1. Among the residues of region 210-224, is there at least one that is touching a residue at least 12 places away in the same chain (Cβ under 8 Å), on the phi > 0 side of the Ramachandran plot and either part of a loop (DSSP other than H, G, I, E, B) or out of contact with any Cys (no Cβ under 9 Å at 6 or more places or on another chain) (or both)?
2. Collect the residues in region 179-204 that are of a type in the set (A, V, I, L, M, F, W, C) and part of a helix (DSSP H, G or I), keeping them in residue-number order.
3. Could you check how many residues of region 134-178 are among the basic types (Lys, Arg) and part of a helix (DSSP H, G or I)?
4. Among the listed residues 152, 112, 160, identify the single one that is of a type in the set (A, V, I, L, M), on the phi < 0 side of the Ramachandran plot and more than 20 Å from the chain's Cα centre (by Cα).
5. Out of region 46-72, which residues are surrounded by 15 or more Cβ atoms within 10 Å (Cβ to Cβ) and β-branched (Val, Ile, Thr)?
6. Looking only at region 228-280, which residues are polar (S, T, N, Q) and either touching a strand residue (DSSP E or B) at 6+ places or on another chain (Cβ under 8 Å) or without any contact (Cβ under 8 Å) to a residue 12 or more places away in the chain (or both)?
7. Taking the condition modelled with pLDDT of 95 or more, in contact with a Leu (Cβ under 6 Å, 6 or more places away or on another chain) and not aliphatic (A, V, I, L, M), does residue 269 pass?
8. Give me the residue from region 128-174 that is surrounded by fewer than 18 Cβ atoms within 10 Å (Cβ to Cβ) and in contact with an Asp or Glu (Cβ under 7 Å, 6 or more places away or on another chain) and, out of that set, farthest from residue 43 (Cα to Cα).
Amino acid sequence: MSTSFNRRRFLALTTAAAAGATIFDVPGILAADDPYRGLPIGVQSFSLRNYNVVDAVRHIQGMGLHFVEFFSKHLNPNATAAQLAENRQLLERAKVTLSAHGVNGFSKDHEANRKVFEFAKRAGIRNITANPTPDSFDSLDKLVAEYNIRIAIHNHGPGALYDSIDSVKKAVTGHHKLIGACVDTGHFIRSKEDPVKAVHELGPRVFGVHMKDEEKQEKKSHNVVIGSGHLDVLGLFKALKKVSFPADGSLSLEYEANPSNPIDDMKQCLAVAREAIAKL
């Protein structure tokens, strides 16, 4: 993929997002050249947790991807201005965009919550993947409005604070429109929930996706290549189109198995994703 195309792709996504467009409204020139048809598919860097940030970004670039959601090992919320500048330069050289950061905890401590938003602002992060306590929402309502940065509540597996579609729906109901969901497809599967149904039911509140698959619909399971377990990959992309997933949302492959050498499995996941996208 050429440098000039990469630049056009980033500009188109940015312009589309600013206009309130969805990922499926991106100009056709992208779909003609891009195997992901303008979808901002990237990697949740927890998939590459055994690598340092330089090697993680190198692998993401090697997979032909241009988006990343960092977790704290690869970009610490307490990073200094110099560290943020170094990280920004690393991503710019690799032509990778920072689409989200998480998972971040939030509580009723408004000033502690503000520090995370300040970090996101300085790092240029539009989406914060979050695990907020029930008493944090008054604070978050104020902060998302002040910073114009989204909160995407991340569901975990059975027994977690957010372990079902209903628990996420109840959490966001009545709150600011920038408080929504990061649908973790694997964790919903472990909770015996349908992640495609989750996208449909959460609708315009879906700001992020952790795309992964599970061998079993049980608490104790493990990741498998997407489409080989219980995830309807084509159904997921159709659902994202139906609910108008935002152009600047975060759509991240997350592969937790085989952390010492996940690259080949991740490439298989991406091949399945491309095949499904071609059918849209």
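The values are calculated or read from the model by the stated rules, or taken from the named source; none is laboratory data. A quick note: this is a predicted structure, and the numbers were derived from the prediction, not measured. Note that we place each Cβ from the backbone using ideal geometry, even for glycine, and neighbour counts take in every protein chain shown.
1. Looking through region 210-224, none of the residues is touching a residue at least 12 places away in the same chain (Cβ under 8 Å), on the phi > 0 side of the Ramachandran plot and either part of a loop (DSSP other than H, G, I, E, B) or out of contact with any Cys (no Cβ under 9 Å at 6 or more places or on another chain) (or both).
2. Once the filter is applied, which keeps residues that are of a type in the set (A, V, I, L, M, F, W, C) and part of a helix (DSSP H, G or I), region 179-204 yields 188, 189, 196, 198, 199, 202.
3. Selection size over region 134-178: 3.
4. 112 is the lone residue from the list that is of a type in the set (A, V, I, L, M), on the phi < 0 side of the Ramachandran plot and more than 20 Å from the chain's Cα centre (by Cα).
5. Scanning region 46-72 gives 53, 57, 60, 68.
6. 228, 244, 250, 252, 258, 261
7. Yes, satisfied.
8. That would be 169.
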